[in-house]
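Worksheet: one structure, shown below.
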Amino acid sequence: MNGSVAYLVTAVGCLVGVAGVVVAVLAVRRSRTRPSGRMQAGDPLRDADADVLRGDPRRLRAGDVVEIRQVSYVVRGTIRLVEGGWSWAEHLLDDAGGVRRWLSVEEGPDLELVLWAAEPGATVTPGAPTIDFAGRRYSWDESGQARYTAIGATGLDPAGTMRYHDYQAPGGARLSFEAYGEAGWEVARGELLHRAEVMIYPQAGED
């Protein structure tokens, strides 16, 4: 009787051990096959209350007004980019004085808003692990190539490809290199925004 019980206990223990190994192997395989990219479409934990109170950055389009750090901008155009199963958007903004900025909207999975200013006189080029620019040292973050569609006054063809290299510095500072089609690199510096710093006033009506 005791021998039978011991045998059963041993057998059950072996089965539990085998099941644990199988679960671990499946978990490792799943983590290795997870797609990578700049931004994953959709965030199931998104802050819906902030979207209601402050407007939804994911729904920005030409004609909308965006207030960032108490400065009002009008959305002049939008570039939507796709890389594999990932997507993000870049919106061209124009203030009352004609100053232009870009606002990038990404989810990966958290919502990330970055306000960009072009650096047309920059002579730096991408590719190095770190880049010193305007008194900061930026470290390489990611690079790739995406397909884009452009709507509104972006100055781009309606569709095409874009290459990018992104760098980051402590404190949320960003440095980006983008090349659309056969054009050369365009350099921009970015500042990471808090959600509370952005207020959206839709002007174009609902779809």
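Give 124, 187, 105 a once-over and let me know the one that is touching a residue at least 40 places away in the same chain (Cβ under 8 Å), in a strand (DSSP E or B) and over 22 Å from residue 66 (Cα atoms). I'd like the intermediate steps shown before the answer.
Working: 124 fails: in a strand (DSSP E or B); 105 fails: over 22 Å from residue 66 (Cα atoms).
Answer to the selection: 187.
Could you list, in sequence order, the residues of the stretch 147-184 that are part of a strand (DSSP E or B), open to solvent by 50 Å² or more (accessible area, probe 1.4 Å) and hydrophobic (A, V, I, L, M, F, W, C)?
Hits for the stretch 147-184 are 151, 159.
Looking at (1) open to solvent by 50 Å² or more (accessible area, probe 1.4 Å); (2) in contact with a strand residue (DSSP E or B) (Cβ under 8 Å, 6 or more places away or on another chain), which one does residue 144 not meet, given that it meets all the others?
(1)
Considering only the stretch 75-97, I want to know if a residue exists there that is without any contact (Cβ under 8 Å) to a residue 40 or more places away in the chain, in contact with an Asp or Glu (Cβ under 8 Å, 6 or more places away or on another chain), acidic (Asp, Glu) and within 23 Å of residue 184 (Cβ to Cβ).
No, every residue in the stretch 75-97 fails to be without any contact (Cβ under 8 Å) to a residue 40 or more places away in the chain, in contact with an Asp or Glu (Cβ under 8 Å, 6 or more places away or on another chain), acidic (Asp, Glu) and within 23 Å of residue 184 (Cβ to Cβ).
For the stretch 129-141: of the residues being among the hydrophobic types (A, V, I, L, M, F, W, C) and in a strand (DSSP E or B), which is most open to solvent (accessible area, probe 1.4 Å)?
Step one: filter the stretch 129-141 for residues among the hydrophobic types (A, V, I, L, M, F, W, C), giving 131, 133-134, 140.
Filter once more, keeping what is in a strand (DSSP E or B): 131, 133, 140.
Details: 131: 12, 133: 32, 140: 125 Å².
Only one residue tops the list, namely 140.
Is there any pair with a first residue in the stretch 149-160 that is farther than 10 Å from residue 81 by Cα and a second that is open to solvent by 80 Å² or more (accessible area, probe 1.4 Å) and of a type outside the set (A, V, I, L, M) whose Cβ atoms are under 9 Å apart and which are 6 or more apart or on different chains, and what are they?
From residues that are farther than 10 Å from residue 81 by Cα, the pairs are 151/80; 151/158; 152/76; 153/76; 154/76.
Residues being under 18 Å from residue 156 (Cα atoms) and of a type in the set (Ser, Thr, Tyr): count how many of those fall in the stretch 88-138.
1
Identify all residues within the stretch 187-207 that are more than 16 Å from residue 57 (Cβ to Cβ), surrounded by 15 or more Cβ atoms within 10 Å (Cβ to Cβ) and not small (Gly, Ala, Ser); write none if there are none.
187, 189
Please enumerate the residues belonging to the stretch 60-74 that are touching a residue at least 12 places away in the same chain (Cβ under 8 Å) and either on the phi > 0 side of the Ramachandran plot or surrounded by 15 or more Cβ atoms within 10 Å (Cβ to Cβ) (or both).
60, 61, 62, 63, 64, 65, 66, 67, 68, 69, 73, 74, listed by residue number.
Of all residues in the stretch 139-151, which are closer than 24 Å to residue 68 by Cα and either at pLDDT below 95 or in contact with an Asp or Glu (Cβ under 8 Å, 6 or more places away or on another chain) (or both)?
Of the stretch 139-151, the ones closer than 24 Å to residue 68 by Cα are 150-151.
150, the sole residue that qualifies.
The values are calculated or read from the model by the stated rules, or taken from the named source; none is laboratory data. Remember, it's a predicted structure, so these values are computed and weren't measured experimentally. Please note: Cβ atoms are built from the backbone with ideal geometry, for glycine as well, and neighbour counts cover all protein chains shown. Just so you know, the surface numbers come from the protein's heavy atoms only, side chains and all, with ligands and any DNA or RNA stripped out. Shrake-Rupley method; radii C 1.70, N 1.55, O 1.52, S 1.80 Å.
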